[in-house]
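Asker: Handing you this structure, nothing more for now.
The values are calculated or read from the model by the stated rules, or taken from the named source; none is laboratory data. Note that the structure is a prediction, hence the values are computed from the model and not measured. Every residue, glycine as well, gets a Cβ built from its backbone with ideal geometry; the counts of neighbours run over all protein chains shown.
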Amino acid sequence: MAEIREIKKAETSGKASIHSHITGLGIDESGKAKFKADGLVGQVEAREAAWVVVELIRQGKMAGKGILLVGPPGTGKTALAVGIAKELGEDTPFNMLNASEIYSVELKKTEVLTQAIRKSIGVRVRQKRLVYEGVVKELKVKVARSRLNPYVQVPREVEIKLATKDEERTLTAGDTIAEQIARMGIRKGDVIWIDAETGNVVKVGKAKGLEGAKSYDIESGRAVDIPSGPVKKEKELTNTFTLYDLDMSLAAQSISLTAIFSLWSEREISQDVRKQVDSYVKEMMNKGMAELIPGVLFIDDAHMLDIETFSFLTKALEAELAPILVLATNRGTTKIRGTDVEAPHGMPLDLLDRLLIITTRPYSEDEAKEIISIRAEELDIELEPQALEELKRLASENSLRYSIQLLEPSAVIARRSGRNVVKVDDVKEASRLFSDVKRSVKYVKEYETLFLK
C-alpha cells in the first residue's frame, strides 16, 4: 500500500518537466491551430496535420499506418508527439523511446521493441477505490540527488494540501507520488485524486473560478468543478494499466527472491506469460470490466534504427492490435544502418510508404520569445522584459535550446545578487559562463594543437 500521511503544515513550490506544460495540440473548433495554445507555440501546419491524425485515430482509420516527424533539431517534434497523446486522452499510454536504446546488451532488439509496444497499449479497468480527491491549495515537491546519477535531482517527497467545498486535508507522500506530480506538471489550482492504496495520481483539470491561472491554462486547460464532500472517500474509478505492467505483475509471481535481486526486470518476458495476460484481459473485456486503449509509441532519432528493426516495425504496423507509431528524425538522405543503401531519412522506402510525414520548421523570433516565456513561467522564473529580449536574441543567433538552458543558471545568478527577478545582466553573465556551439568550435580551433587526436 502506498504510504500517505496527513500533516499539519505545508509550503508551496513546484518542479516542471520539459513538456509538462503541454495539454494538447491547441486546435480550435474549425480544426485550425491557434498561434499559442495548450502550451504549444507556432508550427501551425504541423499541429493541424497532427490534429487530422488524431481524428483518423478516433475514427479507427490509422490501421497499418504510422507517423514520421521530420525537422531540424529543436523544432518541437517531441512536443507534437506529446500533444497527440494528450488529445487522445489523459490516460492514453505514451511511451518514449530513443532509437539507440534498442541496442541493449541484456535484451534482444525484438524484445526491447516488443516491451515498448506493450507499454504503449493500455487496459482501462473499472473498480471502486479509496482515494484522496480535491483541488490543490498548496504544493511543495522536495527534490534530492538521484541514486543513479548524483548530478541529477529527482522528486523525493511531496507535501500537498487538498481541499473540497467542505473539507481540507494536508498530506505528505513519498517519491512514487512525487515523481508523478512533477511529471504531470500538477500545480496549485489543479483538481486531482490520489489512489490511497496504489499511489496512482490522476489530474482531472483546472478548478473553475480560481485566480492566477497561467495564460496557456486559461485558454486550453479543462475547467472542472471543485469536488464536494470529504477529501478521503470511496470512489468508483477507472485505472489504466499497460499490457507491459500486467506482464511484469504476472511474471513476478513466479520468480524467486534471488531473481528479483539480480535485476530480473531487465530480462526477457516469456511468450507464455504474455499469452496468459492477453487471455486475462480478454476475459475482463468480455465481462465488461475493461477495455483496450491503443496508445502512442514515440521513437526519437529513428535514423539510428537498423534494417532488421525497420522490418520488425513494418510487421508491427500490420498487427490487429498495435499502438500509434510515431517516429522522429532530423536527418536528410543518409545510409540505412546495417546496409550501404542511402535513403531519405535513413529509412527503407517500403516503410516510408506506410507513414504519414509531418514536417516542422525552425521557429521565428516571436515564436521563440513566446516559448522562452512559457518555459520561464513553468519554471517559476520571473524575467524582466530586457532579459527576455536578450534570451530571444541568443535563440536567434545560436539556438532555442541554448537560450532555454540559460534560464535556470540566470535565475541562480540573480538569487546570488539577492534578487528574484532575472535581469539582462544575469542572462549575459550566464551566457559568458556557458559557451554556445559556435564559441565552443572557435575555442577548439584556437587551441587545436593542444587537443589530443
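Asker: Would you check if A79 is farther than 23 Å from I307 by Cβ, over 14 Å from the mean Cα position of the chain (by Cα), assigned to a helix (DSSP H, G or I) and among the small types (G, A, S)?
Answerer: No: the conditions fail for A79.
Asker: Okay, next question. So is D91 more than 21 Å from M347 (Cβ to Cβ), acidic (D, E) and not assigned by TED's automatic domain parsing to the domain that holds L356 or not?
Answerer: no
Asker: Sticking with this one: Looking only at the stretch 373-397, count every residue that is touching a strand residue (DSSP E or B) at 6+ places or on another chain (Cβ under 8 Å) and touching a residue at least 24 places away in the same chain (Cβ under 8 Å) and tell me the total.
Answerer: Selection size over the stretch 373-397: 8.
Asker: Let me ask another. In the stretch 53-75, what count of residues is obtained for those that are modelled with pLDDT under 85, assigned to a loop (DSSP other than H, G, I, E, B) and in contact with a strand residue (DSSP E or B) (Cβ under 7 Å, 6 or more places away or on another chain)?
Answerer: Selection size over the stretch 53-75: 2.
Asker: Would you be able to tell me the number of residues in the stretch 89-113 that are of a type outside the set (D, E) and in a helix (DSSP H, G or I)?
Answerer: 7
Asker: I want to confirm something. Restricting to the stretch 275-301 and keeping residues that are part of a helix (DSSP H, G or I) and in contact (Cβ under 8 Å) with a residue 40 or more places away in the chain, which single residue is surrounded by the fewest Cβ atoms within 10 Å (Cβ to Cβ)?
Answerer: The residue in question is M284.
Asker: Ok, one more. Just for the stretch 21-50: of the residues that are among the polar types (S, T, N, Q) and in contact with a helix residue (DSSP H, G or I) (Cβ under 8 Å, 6 or more places away or on another chain), which one is modelled with the lowest pLDDT?
Answerer: Result: T23.
Asker: Would it be correct to say that D353 is out of contact with any helix residue (DSSP H, G or I) (no Cβ under 9 Å at 6 or more places or on another chain) and surrounded by fewer than 20 Cβ atoms within 10 Å (Cβ to Cβ)?
Answerer: yes
Residues are listed down the side, and each one gets a yes or a no for (1) of a type in the set (A, V, I, L, M); (2) within 26 Å of the chain's Cα centre (by Cα); (3) on the phi < 0 side of the Ramachandran plot:
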residue: P294; (1), (2), (3): no, yes, yes
residue: H303; (1), (2), (3): no, yes, yes
residue: L317; (1), (2), (3): yes, yes, yes
residue: A328; (1), (2), (3): yes, yes, yes
residue: T333; (1), (2), (3): no, no, yes
residue: R337; (1), (2), (3): no, no, yes
residue: P344; (1), (2), (3): no, no, yes
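Asker: Output the residue which, of all residues in the stretch 402-453 that are in a loop (DSSP other than H, G, I, E, B) and under 31 Å from the mean Cα position of the chain (by Cα), is surrounded by the fewest Cβ atoms within 10 Å (Cβ to Cβ). Full working, then the answer.
Answerer: Kept after step one, since they are in a loop (DSSP other than H, G, I, E, B), are these residues of the stretch 402-453: 406, 417-420, 423, 434-436, 447, 451-453.
Subsequent filtering for residues that are under 31 Å from the mean Cα position of the chain (by Cα) retains 406, 420, 423, 434-436.
Values: L406: 28, N420: 10, K423: 18, F434: 13, S435: 14, D436: 18.
Here the residue is N420.
Asker: While we're looking at this one, here's another question. Buried (at least 18 other Cβ atoms within 10 Å of the Cβ) and in contact with a Lys or Arg (Cβ under 8 Å, 6 or more places away or on another chain): which single residue out of L139, L113, L130 fits that description?
Answerer: Only one candidate passes the filter, namely L139.
Asker: May I ask you to say which residue of S228, S270, S249, S254 is under 30 Å from D38 (Cβ atoms) and either at pLDDT below 80 or loosely packed, with under 15 Cβ neighbours inside 10 Å (or both)?
Answerer: From the options S228, S270, S249, S254, the qualifying one is S228.
Asker: A follow-up question, please. Could you tell me which residue of the stretch 206-225 is modelled with the highest pLDDT, considering only residues that are part of a loop (DSSP other than H, G, I, E, B) and among the charged types (D, E, K, R)?
Answerer: D225
Asker: Also, quick follow-up: Using the structure shown, decide if V421 is closer than 24 Å to I374 by Cα and free of Cβ contacts under 8 Å to residues at least 24 places away in the same chain. Steps first, please.
Answerer: Values: closer than 24 Å to I374 by Cα: yes; free of Cβ contacts under 8 Å to residues at least 24 places away in the same chain: no.
The answer is no for V421.
Asker: Which residue pairs have Cβ atoms under 9 Å apart, sit 6 or more places apart or on different chains, and have a first residue in the stretch 319-332 that is assigned by TED's automatic domain parsing to the domain that holds I67 and closer than 16 Å to D353 by Cα and a second that is of a type in the set (S, T, N, Q) and outside any loop (DSSP other than H, G, I, E, B)?
Answerer: Sorted first by the residue in the stretch 319-332, then by its partner, the pairs are A328/T78.
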